[in-house]
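Student: I have a structure I would like to understand better, so I am pasting it below and will then ask my questions one at a time.
The values are calculated or read from the model by the stated rules, or taken from the named source; none is laboratory data. All figures in this text were calculated on a predicted structure; none of them were measured in a lab. Ideal geometry is used to build each Cβ from the backbone, glycine not excepted, and the neighbour counts take in all protein chains shown. Surface areas here come from the heavy atoms of the whole protein model, side chains and all, with no ligands, DNA or RNA. Shrake-Rupley method; radii C 1.70, N 1.55, O 1.52, S 1.80 Å.
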Amino acid sequence: MVLGIAAITGGSLYLTMRYLKADQQRTERVRAARQKYKDLLGELNECKGLLSFIDSESLPHAEKLVEEAKTTADGQRLSAIGRELFGISDQLTRLMEKIDGVAPALVLEASQLDPWAEHEEELKLDAVRTGLGQVFEMTGDIRAIRRGLIRKAERKAQVIDGLRKTVAGVGRE
């Protein structure tokens, strides 16, 4: 009887230790994913700030340049205006590249999940089974923010491209 109690106690301790170890690993993986998520959100906030700067400073400046281009007959000044507009366009291109570099897969990678798995649904189910389902919520947030920022940047780039075409048209007249 004493041996039976000792075996049950030993088995319970063993199972408890395995559970605690698995829980600790899961906690570490979620913590790593959260840290990467915070880092990526910081980068996206920086991109959002740059986009706001471009919207509030660069676009009005570009519009003033186009108005100036319409009234000037100086070929060198038109060329300088074109270069300035190209610089703003280049800023937007670099910003979009930076936004694109904030990959949601980095959150999955930080949690030791395979972000390049062939079947995302299977990966998601495995993650939910192992207690890492919240990692997919984090990646969804990153995707949504990225998508919104890229759309805004693309709209700004279209505006700048339109202004560049206007200046190019003025230069040909």
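Student: Evaluate the stretch 124-134: report whether one residue or more is at pLDDT 75 or above, open to solvent by less than 70 Å² (accessible area, probe 1.4 Å), in contact with a Lys or Arg (Cβ under 9 Å, 6 or more places away or on another chain) and at positive phi.
Tutor: yes
Student: Which of (1) closer than 30 Å to Asp39 by Cβ; (2) surrounded by 12 or more Cβ atoms within 10 Å (Cβ to Cβ) is the odd one out, the single condition Ala144 does not satisfy?
Tutor: The number of the failed condition is (2).
Student: Touching a helix residue (DSSP H, G or I) at 6+ places or on another chain (Cβ under 7 Å) and of a type in the set (Val, Ile, Thr): does that describe Ile5?
Tutor: Taking the combined requirement at face value, the residue does not satisfy it.
Student: Only one of Ile160, Ile142, Ile150, Ile99 is among the β-branched types (Val, Ile, Thr) and within 18 Å of Glu57 (Cβ to Cβ). Can you tell me which?
Tutor: Of the residues listed, the single one that is among the β-branched types (Val, Ile, Thr) and within 18 Å of Glu57 (Cβ to Cβ) is Ile160.
Student: Let me ask something additional. Any residue in the stretch 10-27 that's farther than 22 Å from Arg129 by Cβ and in contact (Cβ under 8 Å) with a residue 40 or more places away in the chain: show its pairings with residues that are open to solvent by 70 Å² or more (accessible area, probe 1.4 Å) and assigned to a helix (DSSP H, G or I) at Cβ separation under 8 Å, as long as the two are six or more apart or on different chains.
Tutor: none
Student: Which one is nearest to Asp141 (Cα to Cα), of the residues in the stretch 63-88 that are under 27 Å from the mean Cα position of the chain (by Cα) and crowded, with 19+ Cβ neighbours inside 10 Å?
Tutor: Among those residues, the one meeting the criterion is Ile88.
Student: Can you tell me which residue is modelled with the lowest pLDDT among those in the stretch 92-104 that are closer than 17 Å to Leu40 by Cβ and open to solvent by less than 20 Å² (accessible area, probe 1.4 Å)?
Tutor: Pro104
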